[in-house]
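Below is one structure, written out as structure tokens; the observations come after it.
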Amino acid sequence: MSRVVILDESTANQIAAGEVIERPASVVKEMVENSLDANATSITVEILNGGIKSIKIVDNGDGIDADDVEMAFERYATSKIRCIDDLNQISTMGFRGEALASIASVSKVEVITKTEEAETGTRVVVEGGRVLSSEPVGAPKGTTFIVRELFYNTPARYKFLKKDSTEAGYIHDIITRIALARPDISMKLVNQGKTVIHTPGNHDLLSTIYSLFGKETARAVIPLELSQSGIEVSGYIGKPEISRGNRSLEMVFVNGRSVYNRIITAAIEDAYKTRLMQKRFPFTVLKLNISPEAVDVNVHPAKLEVRFSDEQLIYRTVNLAVTAALSEASLIQNVEEDSDHSKMYTFQAIPESEAEQVKMEESKPVGRLEQPGNSLTVAEYRKKEYSDYSAPEGFVNVKDKDAFTEEREQSREEIRDVVIPQNMQKANEVIQPPAKVSVPQVQDDRERLINAQIVGQAFESYIILEEEDDLFLIDQHAAHERIRFEKIKKQFTLENPFSQGLLSPLTVELTELEMQKFNELASYIKKLGFEAEAFGNRTVIVRAIPYLMGGSFSGRDFRDILEKLSQETKGVLEIIPEETIYMVACKSAIKANRSMSPMEIKGLLNDLVNTENPYTCIHGRPIIISISKKELDKKFKRIV
Ligand code: ADP
Ligand code: MG
């Protein structure tokens with residue numbers, strides 16, 4: 001039997017480092033959080049080889065007293081808390097007192113720091129946790145850390161690192177999120193000598209978005225503002241035109257921290273539901289400020305997962321804020337701006353750990369949400385596919401570590417690639433925002449559509465309108481569907497369906513299973529506008545159908561609707577079956593291309609502007625697009 005020994009301190013620190021420091025991005029995160037805690041207003045991060053070779057963090061914060069510098073590298077050394085009670089009141093970013101010790105134990109660290117009062121600065125060099133030198137040095141106020149050769153003495157960890165460009169991508173993501181959380185701080189990231197991020201630090205979130213994502217994104221966001229029940233929602237959300245193929249830019253901040261939370265994600269995506277195509281995800285910089293009295297916010301030690309004591313309140317508030325912002329904004333897609341940016345900034349998903357997390361949360365009983373118009377419970381939402389949920393790796397939760405480590409047990413070379421933001425590859429070209437960016441005024445599109453001059457109809461499918469300097473093109477079929485969908489939905493919610501009696505009742509043969517569904521869903525079927533009753537064991541007699549449905553109604557249509565309804569409701573009776581309503585609307589909208597008289601077009605426009613969402617069909621396809629005169633002039637080379 002081996003003898004029991006106490007590990008020496010540097011080994012203990014290396015083990016601890018495994019908990020906190022997984023990769024260069026974790027070093028950056030800990031270090032930048034320290035700079036923020038030290039009241040810095042400007043922080044520059046310079047990396048070489050994805051941060052593996054070196055990470056330099058320069059801040060203009062308070063600095064560290066000469067006497068304290070060496071001690072700051074000790075485990076449990078912190079200037080931020082004194083006893084366990086302080087943990088509950090802590091407002092600073094980091095509070096474990098082990099980041100520096102951990103980092104120093106697995107790398108070569110140099111620090112140069114000076115406080116306001118000190119006459120000279122101090123330079124300390126630490127290697128593998130051992131202090132090599134400490135000396136006075138001339139320095140400006142603030143702190144510079146240089147972390148070289150990360151994991152040089154822990155080859156097992158080194159092996160798990162990914163390609164330089166991948167590691168650089170994680171760092172880019174972390175700096176992006178910190179910059180968005182703190183528009184008051186000027187954040188700079190320099191990768192291989194090229195400045196790839198530089199935010200103004202002018203307290204303006206939109207300018208920060210502009211400098212991080214560019215002009216097109218800044219132009220296509222809608223401000224968010226709602227405050228109720230101790231919860232404040234603010235920030236910006238993207239119009240559907242800047243949606244993307246994964247959740248990497250669905251960014252959420254709770255009390256100043258970038259977090260991942262299923263409830264908030266559900267609330268956001270449900271609000272976008274009929275405005276985005278399937279598998280498209282919104283761009284959001286959504287900030288929640290929650291007073292601790294209102295909702296108990298439980299932050300995971302890794303600080304990325306939050307839990308709320310009142311999930312429904314959070315859901316309702318976020319959903320309302322996003323819905324309100326979307327319904328007020330002009331969402332007509334401009335053909336020129338309708339480009340796909342989703343390739344620009346994509347991080348890989350972590351399916352294993354995600355799956356584990358979803359499984360864990362499912363086992364928790366969750367109540368049904370009361371939000372009208374919302375067809376998913378939180379539990380159901382969680383069951384939805386999360387394979388495309390892509391949390392960048394720097395943000396992996398401690399509890400997911402096993403799955404995560406497994407995933408990494410491949411050599412550095414084999415690992416899948418990460419697409420680095422485009423602007424990262426451009427030499428020294430940083431998008432600088434103008435002094436103040438403003439969101440385009442929300443126009444009253446409804447009024448414009450009503451006032452527009454009807455130019456005509458193309459291909460018996462598209463209506464062409466002219467209004468001031470814009471051409472509008474309307475997909476007449478999609479418009480009809482939207483109008484009928486909203487009418488039927490309204491009648492359904494008000495439990496006031498309009499029906500039309502069939503001249504001769506329709507007899508529909510059902511299977512045993514269909515019959516069972518029919519019996520379970522009888523109340524729903526009635527609310528949709530059907531009058532139908534069982535006739536014998538396997539037959540249903542339909543006497544009336546929803547008013548808007550056309551004359552060519554068949555038994556097959558009835559079975560389709562029954563099937564859709566049972567899929568959508570899964571036996572739960574409180575929801576609004578939007579998909580089924582949409583099916584009824586589709587079955588009733590004029591299918592074939594059809595020429596329309598100006599009077600008919602006028603009528604259609606009138607109905608369309610009276611819908612809640614005249615912009616997209618319920619699957620997010622656009623109903624209206626616009627082309628400006630200027631764009632036409634450009635195309636014809638009248639202007640350049
Ligand atoms: P913690 O942040 O939990 O206190 P760390 O190991 O991250 O623990 O840092 C240890 C201490 O070093 C901090 O409490 C702080 O006093 C000091 N420190 C670290 N980085 C900076 C910085 N950039 N500016 C000023 N002080 C710093
Ligand atoms: Mg810290």
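The values are calculated or read from the model by the stated rules, or taken from the named source; none is laboratory data. Given the structure is predicted, the values throughout are model-derived calculations rather than measurements. Ideal geometry is used to build each Cβ from the backbone, glycine not excepted, and the neighbour counts take in all protein chains shown. Heavy atoms of the whole protein, side chains included, go into the accessibility calculation; ligands, DNA and RNA do not. Shrake-Rupley method; radii C 1.70, N 1.55, O 1.52, S 1.80 Å.
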Checklist outcome for this item: Over the range 220-260, the set of residues buried (at least 20 other Cβ atoms within 10 Å of the Cβ) and assigned to a loop (DSSP other than H, G, I, E, B) is ALA220, LYS239, SER243, ARG247, SER248, LEU249
Checklist outcome for this item: The lone condition LYS591 fails out of (1) in a loop (DSSP other than H, G, I, E, B); (2) modelled with pLDDT of 90 or more is (2)
Checklist entry - Name the residues in the range 217-266 that are over 14 Å from LEU286 (Cα atoms) and among the aliphatic types (A, V, I, L, M), would you? => result ALA218, ALA220, ILE242
Checklist entry - For the range 588-634, what are the residues that are of a type outside the set (A, V, I, L, M, F, W, C), open to solvent by less than 70 Å² (accessible area, probe 1.4 Å) and under 34 Å from the mean Cα position of the chain (by Cα)? => result ASP607, THR611, ASN613, PRO614, TYR615, THR616, HIS619, GLY620, PRO622, SER626, SER628, GLU631
Checklist entry - Taking the range 516-537 as the search range and keeping residues that are more than 18 Å from LYS570 (Cβ to Cβ) and either touching a strand residue (DSSP E or B) at 6+ places or on another chain (Cβ under 7 Å) or at pLDDT 90 or above (or both), which one is surrounded by the most Cβ atoms within 10 Å (Cβ to Cβ)? => result PHE530
Checklist entry - If you check every pair at least six apart or on different chains, which have Cβ atoms under 7 Å apart with a residue in the range 615-640 that is under 16 Å from ILE464 (Cβ atoms) first and a residue that is among the basic types (Lys, Arg) second? => result ILE623/ARG482
Checklist entry - Is it the case that some residue within the range 213-221 is under 28 Å from PRO292 (Cβ atoms) and not assigned by TED's automatic domain parsing to the domain that holds ASN613? => result no
Checklist entry - Can you name the condition, by its number, that GLU167 falls short on among (1) within 22 Å of GLY61 (Cβ to Cβ); (2) buried (at least 21 other Cβ atoms within 10 Å of the Cβ)? => result (1)
Item to check | Verdict on ILE47 being more than 17 Å from THR154 (Cβ to Cβ) and either of a type outside the set (D, E, K, R) or more than 12 Å from ligand 1 (Cβ to nearest atom) (or both) | outcome: yes
Checklist outcome for this item: Only one of SER54, SER26 is closer than 30 Å to PRO155 by Cβ and within 12 Å of ligand 2 (Cβ to nearest atom), namely SER26
Next on the checklist: Anything in the range 29-43 that is more than 8 Å from ligand 2 (Cβ to nearest atom) and either of a type in the set (Asp, Glu) or over 26 Å from the mean Cα position of the chain (by Cα) (or both)? List them, or say none.
Outcome noted: SER35, ALA38, ASN39, ALA40, THR41, SER42
Checklist entry - Of the residues that make up the range 27-45, is at least one among the aliphatic types (A, V, I, L, M), open to solvent by 50 Å² or more (accessible area, probe 1.4 Å) and part of a strand (DSSP E or B)? => result no
Item to check | Residues (modelled with pLDDT of 90 or more and either surrounded by fewer than 14 Cβ atoms within 10 Å (Cβ to Cβ) or not assigned by TED's automatic domain parsing to the domain that holds ILE601 (or both)) located in the range 438-454 | outcome: ASN451, GLN453
Item to check | Failed item in (1) modelled with pLDDT of 90 or more; (2) on the phi < 0 side of the Ramachandran plot; (3) under 41 Å from the mean Cα position of the chain (by Cα), with PRO505 passing the rest | outcome: (3)
Checklist entry - Would it be correct to say that ILE146 is buried (at least 21 other Cβ atoms within 10 Å of the Cβ) and either closer than 17 Å to GLU30 by Cα or within 24 Å of the chain's Cα centre (by Cα) (or both)? => result no
